[in-house]
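The values are calculated or read from the model by the stated rules, or taken from the named source; none is laboratory data. Remember, it's a predicted structure, so these values are computed and weren't measured experimentally. All Cβ positions, even for glycine, are placed from backbone atoms using ideal geometry, and neighbour counts span all protein chains on display. Surface accessibility is based on the protein's heavy atoms, side chains included, excluding ligands, DNA and RNA. Shrake-Rupley method; radii C 1.70, N 1.55, O 1.52, S 1.80 Å.
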Amino acid sequence: MIEVENLTKTYGSFNALKGITFKVEKGEILGFLGPNGAGKTTTMRILTCFFPATSGSARVCGFDVFENPLDVKKRIGYLPENVPLYKDMEITDYLTFVGRIKGIDTGEIKKKVNKVMDDCGITHMAGKLIGELSKGYRQRVGLAQALISDPEVLILDEPTIGLDPKQIIEIRQLIKNLAGRHTVILSTHILPEVSMTCQRVVIINEGRVIAVDTPQNLTSQIQGAAKILFKIEGSSSDVMEELKRARGIKKVEMKDTNNGVSDYIVEFEKGVDERKGIPALIVKKGWGLLEMRPMVMSLEDIFIKLVTEEKGV
Amino acid sequence: MRNFYLIFKKELKSYFYSPIAYVVITIFLIITGYFFYNIFAAFSTISFQAQMNPGIARQYNLLNITESVVRPLFGNISVIMLLLMPLLTMRLFAEEKRSGTIELLLTYPVRDIEVVMGKFAACVAIFGIMLIFTFIYPVLIKIYGQPELGPIITGYIGLFLMGAAFISFGVFASTLTENQVVAAVLSFGVLLLFWMMGYSLAFAGPGLIGIMSYIALMQHLEGFAKGVIDSGDVIYYLNFIMLCLFLTLRALESKKWRG
């Protein structure tokens, strides 16, 4: 559906993109992840034909963004980062204008506007001027204008920024519901958002793609061995000694100690699962096991790891 | 065509959503009305005096109501247009650039030319409304005197073309910056320069004089105000408009390449 090949973009002497390549399949939600200034917005602007790339090619629905911009523009809905809307227009007027310009006929426009306002939860605000709306509602109007023509491809630049937690959940649900019918590219630097909504993640940093995979794969791939946290009551030196002696343990790390209770992060050798053995040992020694939970590496950790690893090279 | 119409309609509406159209039209009518009153009052006073003393008519170069009221009125209206037109055009692209809405507009399936023409036409429409309101002055002249109809009609054609030329340059200036004040100052300054060029004809060299008198915006209104539609004047204004709109398109495109 979307094919990006070796895209570069230079602003004067600054290389914003240094050869980005990725693909998005039909009906997929792709998360576009990267720190500020990584080139997320630049890539999106090239895909939406706002400006051309310096070199490389990008195709949306089979149309080249440079050769056939009108065909591409007809098939995308775009929500730019800071949601630029005409503040002096009423919501209905604005959505009607956008719908008409995207090719919806006069007969259908009313129905479409009502539907999209309903989907985005702005029906009760219909007659208001956009300038009077709060940030959250403006964001929804922005989403509504991207969705109005039911485009094949949606490009959303940080769609949940500035929303309250309830709205974030609603918008994420809305985006999730789009999967299958629409192809979505979603940029963000909020990582849980990606693991919640996206099927695939592209991580970019300083204009380069540094990883492409599903959120689950990324987690397991980079994490390596399993880590488990134990909260144990007992003499910390004894516990440390015993844990180090136990089978299949690579590393033990002691964290906070409080009233004889300490946290131990136990890293096992790859392929070893000692979730039964350690509690048994603790019981045998007469200590108290207060808590035990696996330490899953969050996308944040992966992200930071990837971005910093890249720097080290 | 449909996109052109949609943008035209949206721009026209937004002039009336904001106070701009109301303020500019009102101020325009107050000032032109004031000029009209003064020109007309002066003419009637002098006419009374001339009745007593025919010599005065010659002294004041007093010919008839068309020459003494209609022509100066058109001259004055064109100066006020020069002052107010940049205020109508300054927002067209500058505001879209500052608020970022241009990013959405240019990613909708529209051609640049449809955007430019739509905005230009909306502004010309506002200007047309302003001009229509001034029809009251010729009507008043008609009630109290016997002006020739021809020069009034051609004068309005001339004013309309000149206003459209002002607007086309204003649209261009607006694409160059995201600051509305800069856009207004730029278009006002350049238009004034074009306007003033007429004054330096007196001391221009023989080579320059032909070029300058052709370029000067003011020179081309003279004919219209006299009741003459010279195809050269019409072509001058149309050329001016086309050049400015062409430059506007280039400016929009160059922004894309600069990123």
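What to note about this one:
- Filter pass, residue A:52 being open to solvent by less than 30 Å² (accessible area, probe 1.4 Å), at the interface with chain B (Cβ under 10 Å from one of its Cβ atoms), at pLDDT 90 or above and in a loop (DSSP other than H, G, I, E, B): no
- Selection of the range A:61-78 for residues being within 20 Å of residue A:16 (Cβ to Cβ) and surrounded by 23 or more Cβ atoms within 10 Å (Cβ to Cβ) yields A:65, A:78.
- Selection of the range B:9-47 for residues being open to solvent by 50 Å² or more (accessible area, probe 1.4 Å), within 14 Å of chain A (Cβ to nearest Cβ) and in a helix (DSSP H, G or I) yields B:9, B:13, B:16, B:17, B:22.
- Selection count, the range A:2-31, where residues are surrounded by 14 or more Cβ atoms within 10 Å (Cβ to Cβ) and within 14 Å of another protein chain (Cβ to nearest Cβ): 7
- When we screen B:159, B:245 for residues that are over 16 Å from residue B:119 (Cβ atoms) and either surrounded by fewer than 16 Cβ atoms within 10 Å (Cβ to Cβ) or within 17 Å of the chain's Cα centre (by Cα) (or both), the only hit is B:159.
- Criterion applied to B:150, B:128, B:189 was being more than 16 Å from the chain's Cα centre (by Cα), on the phi < 0 side of the Ramachandran plot and loosely packed, with under 15 Cβ neighbours inside 10 Å, and the one residue passing it is B:150.
- The residue pairs whose first member lies in the range A:192-213 and is assigned by TED's automatic domain parsing to the domain that holds residue A:29 and buried (at least 19 other Cβ atoms within 10 Å of the Cβ), whose second member is in a helix (DSSP H, G or I) and of a type in the set (Phe, Trp, Tyr), and whose beta carbons are closer than 8 Å, counting only pairs six or more residues apart or on different chains, are A:203/A:303.
- Test result for residue B:142, in a helix (DSSP H, G or I) and farther than 23 Å from residue B:250 by Cα: yes
- Any hit, the range A:95-104, residues being more than 9 Å from every other protein chain (Cβ to nearest Cβ), under 30 Å from residue B:20 (Cα atoms) and open to solvent by 40 Å² or more (accessible area, probe 1.4 Å): yes
- Filter pass, residue B:94 being modelled with pLDDT of 95 or more and open to solvent by less than 10 Å² (accessible area, probe 1.4 Å): no
- Qualifying residues in the range B:96-130 (those that are more than 17 Å from residue A:99 (Cα to Cα) and among the aromatic types (Phe, Trp, Tyr)) - the one farthest from the other protein chains (Cβ to nearest Cβ): B:127
- Meets criteria (within 27 Å of the chain's Cα centre (by Cα) and among the small types (Gly, Ala, Ser)) for residue A:77: yes
- Matching residues in the range B:107-132 - criterion: being without any contact (Cβ under 8 Å) to a residue 60 or more places away in the chain and part of a helix (DSSP H, G or I): B:107, B:124, B:127, B:128, B:131, B:132
- Test: residue in the range B:60-69 that is without any contact (Cβ under 8 Å) to a residue 60 or more places away in the chain, surrounded by fewer than 20 Cβ atoms within 10 Å (Cβ to Cβ), within 14 Å of another protein chain (Cβ to nearest Cβ) and touching a helix residue (DSSP H, G or I) at 6+ places or on another chain (Cβ under 9 Å): no
- Filtered residue count, the range B:203-237, keeping only those that are open to solvent by less than 80 Å² (accessible area, probe 1.4 Å) and touching a residue at least 40 places away in the same chain (Cβ under 8 Å): 12
- Yes/no for residue A:98 being in a loop (DSSP other than H, G, I, E, B), among the β-branched types (Val, Ile, Thr) and assigned by TED's automatic domain parsing to the domain that holds residue A:183: no
- Enumeration of residues in the range B:192-202 that are open to solvent by 60 Å² or more (accessible area, probe 1.4 Å) and not aliphatic (A, V, I, L, M): B:199
- The set of residues in the range A:150-177 that are open to solvent by less than 30 Å² (accessible area, probe 1.4 Å) and more than 15 Å from the chain's Cα centre (by Cα) comprises A:151, A:153, A:163, A:167.
- Residues in the range A:59-73 that are in a strand (DSSP E or B) and either touching a helix residue (DSSP H, G or I) at 6+ places or on another chain (Cβ under 6 Å) or within 12 Å of chain B (Cβ to nearest Cβ) (or both): A:60, A:63.
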